[in-house]
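Q: Here's a structure for you.
The values are calculated or read from the model by the stated rules, or taken from the named source; none is laboratory data. These numbers come from a predicted model, not from an experiment. Here the Cβ is made from the backbone with ideal geometry for all residues, glycine too, and neighbour counts use every protein chain on show. SASA here: full protein model, heavy atoms, side chains in, ligands and nucleic acids out. Shrake-Rupley method; radii C 1.70, N 1.55, O 1.52, S 1.80 Å.
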Amino acid sequence: MPEVTARGVRFHVQTMDAWEGSPGGAPRRAGAGPAPVVVFVHGLVTDNLSSFYYSLARPVSAAGAHAVMYDLRGHGRSECTATGHGAADAARDLFAILGELGHHGPVHLVGNSYGGVVALNAALARPDRVAGLILIEAYGPAEHAGEWTEGMLNSLGRTALALEYERQADQLLAMGWRQRGRQAATADALINGTSLMEDLAALDPVRPADLATLSCPVLAVYGEHSDVVDAGTLLLRSVPGCTLHIMAGHAHTLLREGTEELLEVMLPWLSHHAGTTVPAATRSPHAARPAAPAASAEPAPSAPFAPPVPPASPAGVR
Amino acid sequence: MTSADDGVLAEVVRMLVEVVGEDFLLDVQVGPDTTFNGDLALESIEFVALAEKLRARYGDRGDFAGLVAGMDLDQIMNMTVGDLTQHVEAAHA
């Protein structure tokens, strides 16, 4: 199902059935309940669902979850609208798309970078619809307005500049020019042709008091050298059921550059909270036990991430 | 190349036209040695769209589960059109 029209906007959507890509393609999960639904939300401007399509989606579906990916409005192959690029609209888009796909129950959300802002806002707006959050290098959590968007907007500006520079450089390579040229065209259309930058500048951060109301379990993964890592620390301190994993040697691009380690953390967490399996290839002596009861909020003692800590306590922060 | 290969290749070319547009492909002669990244300059999101079309056309034969398992994005994008058509043909055999 490559296209879905939701809220009057045409969205590019890709799905992978549970156990797609698993050896034999046969269900291996104990019990006969419906497969959990895991929805992937990508980052800004030059990002799109392909970031997940080639990295996390297939291993997650092979573990027994139904994977849903979509391009945010104005991104990838989804329709570009003049307005409606804020996090609240994006969260409404997300649930409208899921409704069109027939998913009306709770889902697990995986957000990367700005996708984490969307996922967080979705979980706060509709706690009945979000069973768990995996936040990868997520922007959003901050103590004060203004400070949190600065890095994101600066990063966006740097991206636009880099695209402009590389577009000129790649004119020497006609074939390479096409990719950069298209990415630059997408960035130009979004940054100069829509309300995106205004919408982002107007966004409020997700403050500790709001984070404390999150009732679903949260796995936060940040790079050791990321300029967003403080958001991870704030999540760990503020969210009752948060687990923080810091990836050594990585920065903001860990989804692409640290996919394997990310999966080693994600798949046991999903197994614990969504009832998926842990493929043998990623199971390690440090991994959480597969198929642990979903009702339990505590990860297995041997889980490879820091345990949840009480709010406002820095203990356990890595 | 067998006639069956020609059929799959022709289908892949038709799908590429749908994904990236006819104007661009007018400048490129697509054959088994054509690479998606170097020759066609396909964007990763366009490769996703191509994969979807293959799945719609060939069902499980067009699916990339077996083909791209274990590959990273760079390896996938550096595949040739021939790698892809052979995968579809082998699954058909």
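Q: Within region A:57-106, track down each residue that is small (G, A, S) and closer than 24 Å to A:E264 by Cα. Please lay out each step first, then the result.
A: Looking only at region A:57-106, we keep the residues that are small (G, A, S), and these are A:57, A:61-65, A:67, A:74, A:76, A:78, A:82, A:84, A:86-88, A:90-91, A:96, A:99, A:102, A:105.
Scanning region A:57-106 gives A:A57, A:S61, A:A62, A:A63, A:G64, A:A65, A:A67.
Q: Give me the pairs, please: first residue somewhere in region A:47-71 and more than 9 Å from every other protein chain (Cβ to nearest Cβ) and under 22 Å from A:R10 (Cβ atoms), second residue anywhere and open to solvent by 10 Å² or more (accessible area, probe 1.4 Å) and hydroxyl-bearing (S, T, Y), beta-carbon distance under 6 Å, and either six or more positions apart or on two chains.
A: A:V68/A:T15
Q: Now for a different question. Might you check whether a residue that is open to solvent by less than 10 Å² (accessible area, probe 1.4 Å) and not in a helix (DSSP H, G or I) occurs anywhere in region A:116-128? So that I can check it myself, show each step before the final result.
A: Of region A:116-128, the ones open to solvent by less than 10 Å² (accessible area, probe 1.4 Å) are A:116-120, A:122-123.
From the residues that got through so far, the ones that are not in a helix (DSSP H, G or I) too are none.
No: region A:116-128 contains no residue that is open to solvent by less than 10 Å² (accessible area, probe 1.4 Å) and not in a helix (DSSP H, G or I).
Q: Sticking with this one: Could you please find all residues in region A:195-220 being crowded, with 17+ Cβ neighbours inside 10 Å and β-branched (V, I, T)?
A: A:V206, A:V218, listed by residue number.
Q: Give the residue, chosen from A:V60, A:V68, A:V107, that is open to solvent by less than 10 Å² (accessible area, probe 1.4 Å) and either of a type in the set (S, T, Y) or within 25 Å of A:L196 (Cα to Cα) (or both).
A: On the way: A:V60 fails: either of a type in the set (S, T, Y) or within 25 Å of A:L196 (Cα to Cα) (or both); A:V107 fails: either of a type in the set (S, T, Y) or within 25 Å of A:L196 (Cα to Cα) (or both).
A:V68 is the lone residue from the list that is open to solvent by less than 10 Å² (accessible area, probe 1.4 Å) and either of a type in the set (S, T, Y) or within 25 Å of A:L196 (Cα to Cα) (or both).
Q: I've got another one for you. Just give me the residues in region B:36-63 being outside any helix (DSSP H, G or I), open to solvent by 30 Å² or more (accessible area, probe 1.4 Å) and either modelled with pLDDT of 85 or more or within 8 Å of chain A (Cβ to nearest Cβ) (or both), in sequence order.
A: Filtering region B:36-63 down to residues outside any helix (DSSP H, G or I) leaves B:36-43, B:63.
Restricting the remaining residues to those that are open to solvent by 30 Å² or more (accessible area, probe 1.4 Å) gives B:37-39.
Selection gives B:G38, B:D39.
Q: Considering only residues that are open to solvent by less than 10 Å² (accessible area, probe 1.4 Å) and closer than 28 Å to A:L153 by Cβ, look in region A:33-46 and name the one that is nearest to the other protein chains (Cβ to nearest Cβ).
A: From region A:33-46, those open to solvent by less than 10 Å² (accessible area, probe 1.4 Å) are A:38-43, A:45; that's our starting set.
Then drop every residue that is not closer than 28 Å to A:L153 by Cβ, which leaves A:39-43, A:45.
Working: A:V39: 16, A:F40: 12, A:V41: 15, A:H42: 10, A:G43: 13, A:V45: 13 Å.
Residue satisfying both the conditions and the ranking: A:H42.
Q: Hey, another quick one. Working only within region A:134-147, note down all residues that are within 16 Å of A:D199 (Cβ to Cβ) and surrounded by fewer than 24 Cβ atoms within 10 Å (Cβ to Cβ).
A: At the first step, the residues of region A:134-147 found to be within 16 Å of A:D199 (Cβ to Cβ) are A:139-140, A:145-146.
Scanning region A:134-147 gives A:A145, A:G146.
Q: With (1) crowded, with 21+ Cβ neighbours inside 10 Å; (2) part of a helix (DSSP H, G or I) as the list, and A:G99 as the residue in question, which single condition is left unmet?
A: (1)
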